[in-house]
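Read through the structure below, which is laid out as structure tokens, and then see the notes.
Read-outs throughout are calculated quantities, based only on the coordinates presented, and are distinct from any laboratory measurement. Keep in mind that what you see is a predicted model, and the values were worked out from it rather than measured. Here the Cβ positions follow ideal geometry from the backbone for every residue, glycine too, while neighbour counts run over all protein chains shown.
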């Protein structure tokens with residue numbers, strides 16, 4: 001037993017068997033000397049009835065005084081109930097982000113999310129998360145790490161925000177599964193980039209141009225049928241792409257969708273949509289309305305034909321989802337209230353429908369004209385009354 005100093009450590013000569021030198025002042029602080037000549041500072045303590053040791057650092061990289069200070073921290077923590085060796089073991093057992101991500105996708109996302117969401121999550125891991133964090137242990141990821149990833153994606157703010165959102169879900173699951181036990185989600189309070197909401201809908205002239213292109217596009221009948229149904233029903237693309245004949249009920253004029261973004265729902269359809277459906281030829285052995293090239297499957301890629309068709313119509317900036325916006329805005333133009341439009345679109349919350357209210361400004365402008373005219377008349381009337389009173393007084 002001696003006070004561990006640099007002189008004592010340098011004088012410790014390796015033997016054919018490792019041995020320890022213990023500090024006489026700080027109980028539990030020691031030096032392990034290996035036959036190879038390596039000299040490791042360590043702290044030794046008893047926790048849970050077991051004798052545990054934790055390495056502090058190699059002599060040379062760490063000075064005796066610094067090692068003593070670190071040992072004092074560990075030993076003080078043990079007296080207060082901490083278990084540094086247990087924490088070290090848990091960290092070593094912690095999976096990497098890539099390893100945990102694989103389990104997260106298969107045991108959580110695949111069971112609780114839709115297939116499309118699963119694909120989006122998988123894409124985020126493959127392109128953004130694993131290249132940055134894949135080899136890091138999930139317990140080591142900090143808020144600073146997440147912020148740096150988010151900032152590195154500032155050129156694609158929407159994708160940056162979605163990636164952080166996916167990471168946030170992953171860390172929440174890691175806590176619920178007991179993988180992370182620090183009670184802190186490193187994605188919390190990471191400020192997201194501002195996202196500009198796209199506001200696009202078809203005006204009558206554009207709708208007429210698109211209709212003309214659809215009439216002339218006889219080489220892409222499936223894509224044309226898909227677009228017509230999107231325009232006439234307000235459905236999402238995935239709902240029309242995966243629409244089966246079994247879901248179509250001509251009797252009451254509805255599409256009975258067993259699954260959608262908001263769950264199972266009924267989509268009321270008008271006579272024009274029914275007419276389009278009745279003119280689509282059924283393919284024997286294929287249950288889908290919009291059939292694809294693979295036997296028995298639906299059309300999976302609408303983006304390529306859509307880009308070709310919109311280019312012919314001179315609508316290069318129009319997205320497929322904007323057809324749904326147009327359906328909502330046309331309903332507003334016709335005087336339908338938000339509650340009714342929400343039912344047509346399958347929204348579960350009025351707030352979701354309310355964002356469409358500003359798309360058509362004509363009814364609002366008319367209302368503004370009526371109100372401003374009434375106020376103007378009232379103002380001019382009050383001015384004349386005051387003038388009459390003044391004339392009477394004189």
Quote the FRET efficiency, to the nearest 0.05, computed for residue 250 versus residue 123 with a Förster distance R0 of 45 Å and r equal to the Cβ-Cβ distance. 0.70
Run the numbers for residue 209 and residue 2: contour at 0.36 nm per residue of separation, minus the present Cα-Cα distance, in nm. 65.2 nm
Give me 102, 251, 15, 163 ranked fewest to most by other Cβ atoms within 10 Å of their Cβ, as a rough exposure proxy. 251, 15, 102, 163
Treat the count of other C-beta atoms within 10 Å as a stand-in for reagent exposure and order 230, 31 from fewest to most. 31, 230
Taking a ≥ b ≥ c as the square roots of the Cα gyration tensor eigenvalues, with a/c under 1.5 meaning rounded and otherwise prolate when a/b beats b/c or oblate if not, region 142-182 comes out oblate
Cut-off is 10 Å between beta-carbons; in what order do 282, 98 appear when sorted fewest neighbours first? 282, 98
Decide, for region 97-176, between rounded, prolate and oblate: order the square roots of the alpha carbon gyration tensor eigenvalues as a ≥ b ≥ c, take rounded if a/c falls under 1.5, and otherwise choose prolate if a/b is larger than b/c, else oblate. oblate
With a Förster radius of 51 Å, plug the Cβ-Cβ distance of residue 107 and residue 66 into 1/(1 + (r/R0)^6) and report the FRET value to the nearest 0.05. 0.75
Run the quick spin-label model on residue 140 and residue 266: label points 7 Å from Cα toward the beta carbon, then report their separation in nm to one decimal. 5.7
